[in-house]
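The values are calculated or read from the model by the stated rules, or taken from the named source; none is laboratory data. Keep in mind that what you see is a predicted model, and the values were worked out from it rather than measured. So basically every Cβ, Gly included, is an ideal-geometry build from the backbone, and we count neighbours across all protein chains shown. Only protein heavy atoms, including side chains, enter the accessible area calculation; ligands, DNA and RNA are left aside. Shrake-Rupley method; radii C 1.70, N 1.55, O 1.52, S 1.80 Å.
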Amino acid sequence: MTKKAVLLTGGAGFIGSHTAVALVNAGYEPVILDNFSNSQPAVLNRLEQIVGRALVCERGDVGDSAWVQSVISKHGICAVVHFAGCKAVGESMADPLKYYVNNVAGTISLLKAMQAAGCRLLVFSSSATVYGDPATSPITEDFPIQSANTYGATKVMCEQMLAEMSSSDNRWRAGVLRYFNPVGAHPSGLIGDDPSGVPNNLMPYVTQVAAGQRPMLDIFGDDYETEDGTGVRDYIHVQDLALGHVAAVRTLLEGASSFTVNLGAGHGHSVLEVVRAFEAASGQQIPYQIAPRRPGDVAAYYADPSAAARLLGWHAKHDLNDMCTDAWRWQQYASQNSSKT
Ligand code: NAD
Ligand code: UFG
């Protein structure tokens, strides 16, 4: 039987590459579409090494609607997972137009291509950032949506577009996945988070300190109303996240109507807990200093992931030790292969 082809826009990136492997393992044929604005073409070789066979990759921009339509038709795509976009909160405030063009106009361009090609099943990468500064945790999907920054605003707008399209035409069905804090890497150590420049996020910063690439970690605040005073987040292993996408694609293909779910572990860890877990997993010391709070940070939040369990039969299985062990294996590979290619 021919394998079902699933288009992954941004499929060469951090979450897309892990999802490509998970889709292969589940019997699908991923088709990677990427312009490599935030990834390296050589990730393809490493993906092929992991799955043991050639993979299809189309190089180009999701904003080129006519070309995306031709890709969908050429490969007989039955569903699309839309990862492609920009994701740095700080940059989105400094250069909002870049975010509206790539994230919002890019999604519109993709939807037009899908409409023209007659493929109307979409899994969309959203983010817990759409909850802004939530009043309490755990967070359920019916919490108010508030965009605290331009990046968040682009996700809110795309979610709204998808909701309106599904209610206007029931051939459109969308699975919106609100990720909490994705970390970790594939256990092979061949693919992982590959930020360019100084990492904004905690885990890649910690791994670079452990590798001696940065002298120490700044912990942004130790006076929050949390158990040890440092920020608490719901970290989710990227391998679990990848399986969440497989479950979302399968659920849509089985005929489910549109859904929106949190993908998180359902509990939080503080910055100090992450540092200690990483030291234990890697055997490396992580020197740190307490720095002022980072503007815009909230004290603590974590998901209620029960809707994903109910609708997709999905829950996170990996713990913080797995996340640190796998992130460290990837960092060591990346350090030895200086351009990470
Ligand atoms: P990433 O930057 O590693 O991957 C995105 C990929 O999309 C890159 O390979 C990039 O080259 C490609 N891309 C960007 N613009 C494109 C365009 N116009 N055309 C074609 N390709 C394009 O990011 P990621 O961490 O894998 O995130 C994937 C998605 O998940 C993003 O939409 C992001 O907003 C969302 N998300 C990420 C996180 C996180 O912490 N990583 C959290 C919540 C949501
Ligand atoms: N932190 C530090 N030092 C650092 C980096 C982070 O102490 O060098 C702290 C932060 O203050 C926060 C925690 O580590 O308490 C996690 O910070 P991250 O930057 O790793 O993650 P955020 O929760 O701030 O945000 C991330 C993405 C957002 C996304 C959100 C939910 O950057 O885009 O997860 O998915 F919306």
Identity of the residue in region 99-123, in contact with a Ser or Thr (Cβ under 8 Å, 6 or more places away or on another chain) and within 15 Å of ligand 2 (Cβ to nearest atom), that ends up nearest to LEU177 (Cα to Cα):
ASN103
When residues of region 194-210 are limited to those that are more than 10 Å from ligand 2 (Cβ to nearest atom) and at pLDDT below 95, the one most open to solvent (accessible area, probe 1.4 Å)
SER196
Could you check region 281-309 and list, in sequence order, the residues that are closer than 26 Å to LEU263 by Cα and over 21 Å from the mean Cα position of the chain (by Cα)?
ALA281, ARG294, PRO295, ALA299
Looking at GLY90, GLY85 in this structure, which one is assigned to a loop (DSSP other than H, G, I, E, B), in contact (Cβ under 8 Å) with a residue 60 or more places away in the chain and within 14 Å of ligand 1 (Cβ to nearest atom)?
GLY85
Give region 90-129 a look and list any residue that's surrounded by 18 or more Cβ atoms within 10 Å (Cβ to Cβ) and closer than 22 Å to ASP194 by Cα, or say none.
SER92, TYR99, ASN102, ASN103, PHE124, SER125, SER126, SER127, ALA128, THR129
Candidates SER37, SER73, SER17, filtered to the one that is assigned to a helix (DSSP H, G or I) and either away from ligand 1 (no atom under 15 Å from the Cβ) or more than 16 Å from ALA185 (Cα to Cα) (or both):
SER73
The one condition in (1) under 19 Å from the mean Cα position of the chain (by Cα); (2) away from ligand 1 (no atom under 14 Å from the Cβ) that ARG171 fails to fulfil:
(1)
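Please find, within region 155-190, the residue that is surrounded by the most Cβ atoms within 10 Å (Cβ to Cβ) out of those that are polar (S, T, N, Q) and in contact with a Lys or Arg (Cβ under 7 Å, 6 or more places away or on another chain).
Among those that are polar (S, T, N, Q) and in contact with a Lys or Arg (Cβ under 7 Å, 6 or more places away or on another chain), it is ASN181.
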Residue pairs qualifying under the 7 Å Cβ cut-off, at least six apart or on distinct chains, with the first in region 173-185 being more than 8 Å from ligand 2 (Cβ to nearest atom) and the second being open to solvent by 10 Å² or more (accessible area, probe 1.4 Å) and among the acidic types (Asp, Glu), are VAL176/GLU159; GLY184/ASP322; GLY184/ASP326; ALA185/ASP193; ALA185/ASP326
From the set of residues in region 276-299 that are modelled with pLDDT under 95 and open to solvent by less than 60 Å² (accessible area, probe 1.4 Å), which is farthest from ASN149 (Cα to Cα)?
ALA299
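Does ALA308 meet the test of being among the aliphatic types (A, V, I, L, M), at pLDDT below 95 and either surrounded by 23 or more Cβ atoms within 10 Å (Cβ to Cβ) or more than 15 Å from ligand 1 (Cβ to nearest atom) (or both)? Give the derivation first.
On the way: among the aliphatic types (A, V, I, L, M): yes; at pLDDT below 95: no; either surrounded by 23 or more Cβ atoms within 10 Å (Cβ to Cβ) or more than 15 Å from ligand 1 (Cβ to nearest atom) (or both): yes.
For ALA308, the condition - among the aliphatic types (A, V, I, L, M), at pLDDT below 95 and either surrounded by 23 or more Cβ atoms within 10 Å (Cβ to Cβ) or more than 15 Å from ligand 1 (Cβ to nearest atom) (or both) - is not met.
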